[in-house]
Amino acid sequence: MKTALLLVDHGSARAKANELLAEVALLVRALSGLEVVECAHMELAEPTIAQAFEACARAGADLVIVHPYF
């Protein structure tokens, strides 16, 4: 079974704030050993939750764990 982790934050109108979550996802991927770690924003920015969930599925995830990052 391939597990994916999806980190979700509120989303911001400020691009720099949204970039931080992408950086955290890269760090979590490197430290956790999980092959699939994606991030999403609830509003105001992409990727949306639906887009990130689709990316997890395309990567072959059988299980997606959604974790809030606030």
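The values are calculated or read from the model by the stated rules, or taken from the named source; none is laboratory data. As the structure is a prediction and not an experimental result, all values here were calculated from the model. Ideal geometry is used to build each Cβ from the backbone, glycine not excepted, and the neighbour counts take in all protein chains shown.
Do we find that Gly60 is free of Cβ contacts under 8 Å to residues at least 40 places away in the same chain and out of contact with any Gly (no Cβ under 9 Å at 6 or more places or on another chain) in this structure? Spelling it out, it is not the case that Gly60 is free of Cβ contacts under 8 Å to residues at least 40 places away in the same chain and out of contact with any Gly (no Cβ under 9 Å at 6 or more places or on another chain). Close Cβ contacts (under 7 Å, 6 or more residues apart or on different chains) running from residues in segment 2-29 that are within 10 Å of Tyr69 (Cα to Cα) and at pLDDT 95 or above to residues that are assigned to a strand (DSSP E or B) and among the small types (Gly, Ala, Ser) comprise Leu6/Ala40; Val8/Ala40.
Per-residue answers, yes or no, for (1) surrounded by 16 or more Cβ atoms within 10 Å (Cβ to Cβ); (2) in a loop (DSSP other than H, G, I, E, B):
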site	(1), (2)
Ala4	yes, no
Gly11	yes, yes
Ala17	no, no
Glu23	no, no
Ala30	no, no
Ala40	yes, no
Glu46	no, yes
Phe70	no, yes
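The selection criterion, being under 14 Å from Tyr69 (Cα atoms) and in contact with a Gly (Cβ under 9 Å, 6 or more places away or on another chain), holds for His41. Residues in segment 1-33 that are of a type in the set (S, T, N, Q) and under 15 Å from Pro47 (Cα atoms): Ser12, Asn18.
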